[in-house]
Amino acid sequence: MPDDHSPLTPITAVAFPQATGVLAERLRRYDWAATPLGPIELWRQSLRTAVGLMLNARQPMFVLWGQERIFLYNDAYARILGDRDAVALGRPVSEVWPEIYEDARSLIDPAYAGQPTGAENVRRVITPNGYPQEGWYSLSYTPIHDEEGAVGGVFAAVTDTSDHVCTRQRLSCLLQLSERLRAESDPVEITRIAAR
């Protein structure tokens, strides 16, 4: 064990990002110099840390960075993107999700102003594969502070709650139907209520 007076050993450079997976590899090969983020080797440590956390997570996550809100995401989020995965990396989020961006700004804008935001079971109609798909998502947006203490971007975690919401809606419908049918004994009236 070295004593307090021994020289420090330099840290060997490690390839960024320290993650495996499809998006980690795509991120390494992407021409970031052609984007507002600039060359990957010049990224701020705050962005590098956020991206490393995101890429190593199993939950769908994405990072928005800079005033342009450049979109970076992990393998789990790629499934939500569907066909858009081929063109989403490195673009402004407003171009990635134009159909929901204005609604999403109610959560993104406050996070860019330093206020963590979130919402449970938010309904979104997205078109990831060329046709509209309805889904429900729980969302959490966390400001990422840069080295000067300003908000440089936003870290977002997404949970697809569609199955839970649909199950709850079905149970609610069945309970309402049961309540309506409880007092009925006429088969014609029962059939009419159930059909309605």
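The values are calculated or read from the model by the stated rules, or taken from the named source; none is laboratory data. This one's a predicted model, so the numbers in the text were calculated from it and none came from an experiment. Ideal geometry is used to build each Cβ from the backbone, glycine not excepted, and the neighbour counts take in all protein chains shown. In case anyone asks, the SASA skips ligands and DNA or RNA and just uses the protein heavy atoms, side chains included. Shrake-Rupley method; radii C 1.70, N 1.55, O 1.52, S 1.80 Å.
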Only one of these conditions is not met by Glu99: (1) at pLDDT below 95; (2) part of a helix (DSSP H, G or I). Which number is it?
(2)
For the stretch 39-66, give me the residue count where each residue is in contact with a strand residue (DSSP E or B) (Cβ under 7 Å, 6 or more places away or on another chain), open to solvent by less than 80 Å² (accessible area, probe 1.4 Å) and in a loop (DSSP other than H, G, I, E, B).
3
If I ask for residues that are open to solvent by 50 Å² or more (accessible area, probe 1.4 Å), under 15 Å from the mean Cα position of the chain (by Cα) and within 26 Å of Glu148 (Cβ to Cβ), which ones from the stretch 110-132 would you list?
Pro116
Looking at the stretch 41-55, which of its residues are without any contact (Cβ under 8 Å) to a residue 40 or more places away in the chain and closer than 17 Å to Glu147 by Cα?
Glu41, Leu42, Trp43, Arg48, Thr49, Val51, Gly52
Residue list for the stretch 99-109, filter: closer than 24 Å to Leu47 by Cα and either surrounded by fewer than 17 Cβ atoms within 10 Å (Cβ to Cβ) or in contact with a Ser or Thr (Cβ under 7 Å, 6 or more places away or on another chain) (or both)
Tyr101, Arg105, Ser106, Leu107, Asp109
Can you tell me how many residues within the stretch 27-38 are closer than 12 Å to Phe16 by Cα and either in contact with a strand residue (DSSP E or B) (Cβ under 6 Å, 6 or more places away or on another chain) or open to solvent by 40 Å² or more (accessible area, probe 1.4 Å) (or both)?
2
Starting from residues that are part of a loop (DSSP other than H, G, I, E, B) and over 22 Å from Gln67 (Cβ atoms), keep the ones in the stretch 121-158 and report whichever is modelled with the highest pLDDT.
Pro132
Can you spot a residue in the stretch 85-106 that is of a type in the set (A, V, I, L, M) and more than 23 Å from Leu27 (Cα to Cα)?
yes
